[in-house]
Amino acid sequence: MAKNNKRRERAAPEPVVAQVDGGLAELIPDRERPRAWTLLIDGAPQSHVDLDDPSHLDFAYQRRLGHIIDLTAPPGQPVHVLHLGGGAFTLARYAAATRPRSTQQIVELDAALVQFVRRELPLDAQARVRVRSLDARAGLGKVPDGWADLVVADVFGGARTPGHLTSAEFLADVRRALKPGGFYAANLADGPPLTYLRGQIATAGSVWPELALAADPAVLRGRRFGNAVLLASDRALPLAEWTRRIATDPHPGRVEHGRELADFTGGAAVVTDASARPSPQPPPSAFH
């Protein structure tokens with residue numbers, strides 16, 4: 001029996017599959033990291049988690065969001081973070097590991113996904129993370145005024161962001177929940193002709209005076225579908241340091257702000273609840 005147990009311990013982990021509210025959830029083991037997993041929903045990559053090293057961020061867009069967590073306050077200082085969209089709780093784990101005693105809330109509509117992730121990739125018992133199974137906008141409405149140092153929006157129904165999470169009214173409620181000087185960070189996915197991305201920048205610019213956008217240069221040029229990270233605040237952004245970190249990442253990106261970002265936006269209209277639409281469907285080639 002002992003020999004069989006040792007043999008099982010040495011065996012490579014197998015994928016774990018479950019039906020959740022949003023589709024088929026798969027946890028695929030990372031062959032290079034013993035306790036790391038990639039979460040897919042209906043084949044679309046959602047999150048990567050390393051249980052041995054929660055500070056490791058594998059996806060390029062998550063690294064860009066991780067840099068924002070690093071720059072929200074002095075190193076190690078606890079912060080209040082609201083995560084709209086849970087995935088595998090990757091960024092909440094990162095904040096808990098890099099900023100102990102931080103207080104965090106995750107709002108994730110898919111209750112079955114939350115249960116699946118909690119069971120297969122349990123959170124550190126010391127992490128002060130509360131998970132609510134609610135629509136992101138409804139959960140945001142329950143957050144007290146001025147509670148958050150940082151709000152991270154990374155909400156996808158399948159591979160698309162729901163329309164009601166793209167409007168100026170939604171972003172006005174995000175600003176309400178932020179402390180003065182707090183940061184809003186959003187993961188946005190788009191491809192040529194970048195109509196959705198330009199509209200999201202215009203919409204954020206109607207709510208906050210300071211904006212910056214980070215993405216792969218090929219995405220910014222409209223050459224392929226991909227992720228862009230929007231950073232917004234009512235105070236000056238840490239542009240030099242964010243730009244430096246992103247430029248030296250394993251998958252380097254570019255940061256646009258100021259006149260260049262305004263030119264990129266090109267006079268796009270502000271999105272309202274009345275005009276809001278979901279983000280575009282990724283092409284089949286996006287995840288291959």
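One table, with the values for the structure above:
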item	result
Residue in region 238-248 that is under 23 Å from VAL79 (Cα atoms), assigned to a strand (DSSP E or B) and either free of Cβ contacts under 8 Å to residues at least 12 places away in the same chain or in contact with an Asp or Glu (Cβ under 8 Å, 6 or more places away or on another chain) (or both) present	no
Breaking point among (1) in a loop (DSSP other than H, G, I, E, B); (2) hydrophobic (A, V, I, L, M, F, W, C); (3) touching a strand residue (DSSP E or B) at 6+ places or on another chain (Cβ under 8 Å); (4) surrounded by 19 or more Cβ atoms within 10 Å (Cβ to Cβ), for VAL271	(3)
Which numbered condition VAL81 fails, given (1) assigned to a strand (DSSP E or B); (2) hydrophobic (A, V, I, L, M, F, W, C); (3) without any contact (Cβ under 8 Å) to a residue 12 or more places away in the chain	(3)
Tally, over region 151-169, of residues that are over 21 Å from VAL270 (Cα atoms) and either at pLDDT 95 or above or open to solvent by less than 40 Å² (accessible area, probe 1.4 Å) (or both)	2
Test result for TYR196, out of contact with any Asp or Glu (no Cβ under 9 Å at 6 or more places or on another chain), within 25 Å of ASP173 (Cα to Cα) and of a type in the set (Phe, Trp, Tyr)	no
Tabulated pairs, region 207-219, first open to solvent by 30 Å² or more (accessible area, probe 1.4 Å), second part of a loop (DSSP other than H, G, I, E, B) and of a type in the set (Gly, Ala, Ser), C-beta under 8 angstrom, 6+ apart or interchain	GLU210/ALA236; ASP216/GLY253; PRO217/GLY253
Criterion (under 27 Å from TRP242 (Cα atoms), among the aliphatic types (A, V, I, L, M), at pLDDT 95 or above and open to solvent by 20 Å² or more (accessible area, probe 1.4 Å)) met by exactly one of ALA148, ALA172	ALA172
Single residue of ALA112, ALA92 found to be of a type in the set (Gly, Ala, Ser), touching a residue at least 12 places away in the same chain (Cβ under 8 Å), in a helix (DSSP H, G or I) and more than 23 Å from ILE69 (Cα to Cα)	ALA112
Test: residue in region 46-66 that is modelled with pLDDT under 95, of a type outside the set (S, T, N, Q) and more than 26 Å from LEU237 (Cβ to Cβ)	no
Hits in region 69-93 (condition: crowded, with 23+ Cβ neighbours inside 10 Å and touching a helix residue (DSSP H, G or I) at 6+ places or on another chain (Cβ under 7 Å))	ILE69, VAL81, LEU82, HIS83, LEU84, GLY85, GLY86, PHE89, THR90, LEU91
Failed condition for GLY191, given (1) modelled with pLDDT of 95 or more; (2) open to solvent by 10 Å² or more (accessible area, probe 1.4 Å); (3) within 25 Å of GLY266 (Cα to Cα)	(2)
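The values are calculated or read from the model by the stated rules, or taken from the named source; none is laboratory data. Model, not experiment: these values are computed from the prediction. Virtual Cβ from ideal backbone geometry, glycine too; neighbours counted across all protein chains shown. These accessible areas exclude ligands, DNA and RNA; they are computed on the full protein's heavy atoms, side chains included. Shrake-Rupley method; radii C 1.70, N 1.55, O 1.52, S 1.80 Å.
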